[in-house]
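Bear in mind that the values in this text are calculations on the coordinates, not laboratory data. Model, not experiment: these values are computed from the prediction. Cβ placement follows ideal geometry from the backbone for every residue including glycine, while neighbour counts extend to all protein chains displayed.
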Amino acid sequence: MKVGSMFATYRKALSFVKRSYILQMSYKFEFFLRLFFMFFNILTYYFVAKLIGTAGMKYLEPYGGDYFSFVLIGIAFSGYLMVSLRGFSESVRDEQMMGTLEAMLVTPTDASAIITLSTLWSFIFASFRVLLYLVIGVLLGVSLAGANVLAALIILGLTIVCFSSIGILSASFIMIFKRGDPINMLFMSTSELFGGVFFPISVLPSWLQTVSHLLPMTYSLNGMRHALLQGYTLRELAPEIGALVLFSAILVPASLLAFRYAVRKAKMEGTLVHY
């Protein structure tokens, strides 16, 4: 029975990925344009790093002292937050606009599973982008020779869980209110500024660093940089891993409860379809 259930879930996941892939490939020019601007973005920070040189060495020393390596990891893995925040909410919004959300939610598949499966392709594409970031970074001189890949994968898994939970909260808001998503705007703006994407949080005043320590992004990027750039062991990464586990333990049940509440409310009000 369990094997059959797992096979059914696999088939559903494959169907969602195939549908999203076909839709993505129908806009080939946009697909290649996004890859081009990604490469353009990397080159921009590469030359900015050349300009900075060793000016920020005292702030970058805990991460190896190289700004380009630092920011490359930041912009690569912060993409998962963008996918999580936009992917879930846009999926709900699109299904509402097309009038297919109600039909999907009356199937035997759990509502939270549907919203998760509908964003699988976005995470696959985000992972492809991250891989490209790292490959191009290595070609431009970033050293990943001593990377602790296992630790990086563990942190990546916890990162996706945390960010996805925030994305599901965002989708719950969209399902009820249709537009104006403060969760999306709040986490995107604060994470980019205070999460250590473009600069170490040690640059910030101590009272602002408190904000940084309240964001999953801070622990995710800090752990990822130490794992990939300096080969930290799991023991050395325990503070970051522990923080991400704590965030996951809080955010996962909260997001699922919020989404189920949003589905019930939308069904009662008859707003699963947006006219």
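Some points to look at:
- Sorting 186-196, 219-229, 58-68 by average packing, meaning the other beta carbons within 10 Å per residue, from highest down gives 219-229, 186-196, 58-68.
- Average silhouette area of the stretch 151-272, convex hull of alpha-carbon atoms, in square nanometres: 8.2 nm²
- When each of the peptides 244-251, 151-158 is scored by the mean number of other C-beta atoms lying within 10 Å of its residues, the order from highest to lowest reads 151-158, 244-251.
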